[in-house]
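The values are calculated or read from the model by the stated rules, or taken from the named source; none is laboratory data. No experiment lies behind these values; they were computed from the predicted model shown. So basically every Cβ, Gly included, is an ideal-geometry build from the backbone, and we count neighbours across all protein chains shown. Heads up: the accessible areas ignore ligands, DNA and RNA and are worked out on the full protein's heavy atoms, side chains in. Shrake-Rupley method; radii C 1.70, N 1.55, O 1.52, S 1.80 Å.
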Amino acid sequence: MEFNDVRLQYGLLRNELDSVIGQVFESGRYILGPAVEHFEEEFARYCRAANGIAVGSATSALSIGLRAVGVEPGDEVLVPAVSAPATAMAVALIGARPVFADISPDDFMMDPAIAQELATRRTKAIVPVHLYGMPARLKELSKTGITMIEDASQAHGSDANWGRCGSFGELAAFSFYPTKNLGTYGDGGMLVTSQAPLAERCRMLRNYGQRENYNSEVIGENSRLDDLHAAILRVKLKKLDEWNLRRRAAAATYREAFQELPIKLQVETGKSNYHLFVVTTPERDGLHAYLAERDIPTLVHYPIPLPRQKAFAEFAPARCPRADAFCSRVLSLPIHGSISDGDVNRVIDAVRGFFT
Ligand SMILES: Cc1ncc(COP(=O)(O)O)c(C=O)c1O
């Protein structure tokens, strides 16, 4: 059984992928060429946003986005206490200070009441994460009045009552890392925004601060999606809804089957793309070992809360007890865009077997 479908996807799309890769090689346009432009347009439309700015990774999308909205060294930026380290790393990389907000015990994401308490005059941005693909509570978080950048790295195609993930904040960052719901065969990322001036600033910041070649107006970096990856992602984007539907169906089956068990699931705040399906139990390590013995791969997202990461020690006076408890209990079960009913049922039988 596979934890995800990174290898299966190539088998499914081999002919089309090989063909577009060949076309890019022959085109002679490899950086910020036509494949990138088309993909920016198509992915922004998919996210219900007006502009897409393709970059090298979501980490750099977040750093660029934070600079674009005016975050400067020393400014504070609110981030959730549980996420991939990249969320807070992007803040620290530009010299700003991540401030960690504890999570809600129900949806496992930034708790709006805690975010409100932590917001001060020094807070220049808030970066909610749609964790595991579940939409964060952006409407409530927006009551802080702080400029919002969505970390939608895991939320391609997730929908909330406020709209599609990526369409609410001033900017949103996506990742195309291979294991994401929309992933390529390397690194890649995208910023989306419906504000044209912000889009223009991000375009400069990703490309040496230039609007036109060899004329740098601000300090910018080199963070550009390659045409090769853009061409691959255009092929995969056409399959994304189908893959997300399959993930949702598998997640619904898991939810139904686990109702009676002593495990806690993420409350559904909207329509997740089910990038990950997590369960929480005080017996996490035992469950992981039991499943491994039965050849069922599981992973932990994430074992260490952000305020306890060594890299962020200088920023972390905050106590986040819910995050501490959560990270010792959470386990991700296999889920992907072509998971079979047979695999879902094997996982269910094994999880039931552990608890009964
Ligand atoms: C929530 C979140 N934010 C940021 C990132 C960073 O993405 P990338 O690897 O594209 O820099 C990831 C990917 O691991 C992520 O899951």
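Scanning the range 150-162 for any residue that is closer than 15 Å to H130 by Cβ, open to solvent by less than 20 Å² (accessible area, probe 1.4 Å), within 16 Å of the ligand (Cβ to nearest atom) and part of a strand (DSSP E or B) turns up at least one such residue.
Do we find a residue being over 30 Å from N213 (Cα atoms), surrounded by 22 or more Cβ atoms within 10 Å (Cβ to Cβ), within 16 Å of the ligand (Cβ to nearest atom) and of a type in the set (A, V, I, L, M, F, W, C) anywhere in the range 55-78? Yes, some residue in the range 55-78 is over 30 Å from N213 (Cα atoms), surrounded by 22 or more Cβ atoms within 10 Å (Cβ to Cβ), within 16 Å of the ligand (Cβ to nearest atom) and of a type in the set (A, V, I, L, M, F, W, C). Only residues that are open to solvent by less than 30 Å² (accessible area, probe 1.4 Å) and of a type in the set (K, R) were counted across the range 212-268, and they come to 2. When you look at G166, is it on the phi > 0 side of the Ramachandran plot, part of a loop (DSSP other than H, G, I, E, B), assigned by TED's automatic domain parsing to the domain that holds F43 and within 16 Å of the chain's Cα centre (by Cα), yes or no? So G166 passes the test.
Has the range 3-22 got any residue that is away from the ligand (no atom under 16 Å from the Cβ) and crowded, with 24+ Cβ neighbours inside 10 Å? No, the conditions are met nowhere in the range 3-22. Listed by first and then second residue, the pairs with beta-carbon distance under 6 Å, at least 6 apart or on different chains, first residue in the range 244-268 and modelled with pLDDT of 95 or more, second assigned to a helix (DSSP H, G or I), are A250/V344; T253/V344; A257/I348; L261/F355.
Going through (1) open to solvent by less than 30 Å² (accessible area, probe 1.4 Å); (2) within 15 Å of the ligand (Cβ to nearest atom) one by one, M89 falls short only on (1). In this structure, does S83 turn out to be in a helix (DSSP H, G or I), within 14 Å of the ligand (Cβ to nearest atom) and surrounded by 19 or more Cβ atoms within 10 Å (Cβ to Cβ)? Here the answer is no, as S83 does not meet what is asked. Considered as a group, the residues in the range 179-191 that are open to solvent by less than 10 Å² (accessible area, probe 1.4 Å) and among the small types (G, A, S) include one that is farthest from the ligand (Cβ to nearest atom), and that residue is G183. Exactly one residue out of L233, L291, L265, L276 is over 18 Å from S175 (Cβ atoms) and in contact with a Ser or Thr (Cβ under 6 Å, 6 or more places away or on another chain), and it is L291.
Yes/no per residue for (1) open to solvent by less than 10 Å² (accessible area, probe 1.4 Å); (2) within 16 Å of the ligand (Cβ to nearest atom); (3) among the small types (G, A, S):
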position: T144; (1), (2), (3): no, no, no
position: G169; (1), (2), (3): no, yes, yes
position: A173; (1), (2), (3): yes, yes, yes
position: Y177; (1), (2), (3): no, yes, no
position: C202; (1), (2), (3): yes, yes, no
position: Q210; (1), (2), (3): no, no, no
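Within the range 273-321, if we keep just the residues that are among the basic types (K, R) and more than 21 Å from the chain's Cα centre (by Cα), the residue that is farthest from V79 (Cα to Cα) turns out to be R294.
Scanning the range 39-50 for residues that are more than 15 Å from L182 (Cα to Cα) and open to solvent by less than 90 Å² (accessible area, probe 1.4 Å) returns A49, A50. Where helices (runs of 4 or more DSSP H) fall wholly inside the range 269-356, no range has 2 or more residues that are touching a Lys or Arg at 6+ places or on another chain (Cβ under 7 Å), surrounded by fewer than 17 Cβ atoms within 10 Å (Cβ to Cβ) and at pLDDT below 95.
Scanning the range 120-135 for residues that are more than 12 Å from the ligand (Cβ to nearest atom) and surrounded by 19 or more Cβ atoms within 10 Å (Cβ to Cβ) turns up T123, K124, A125, I126, P135.
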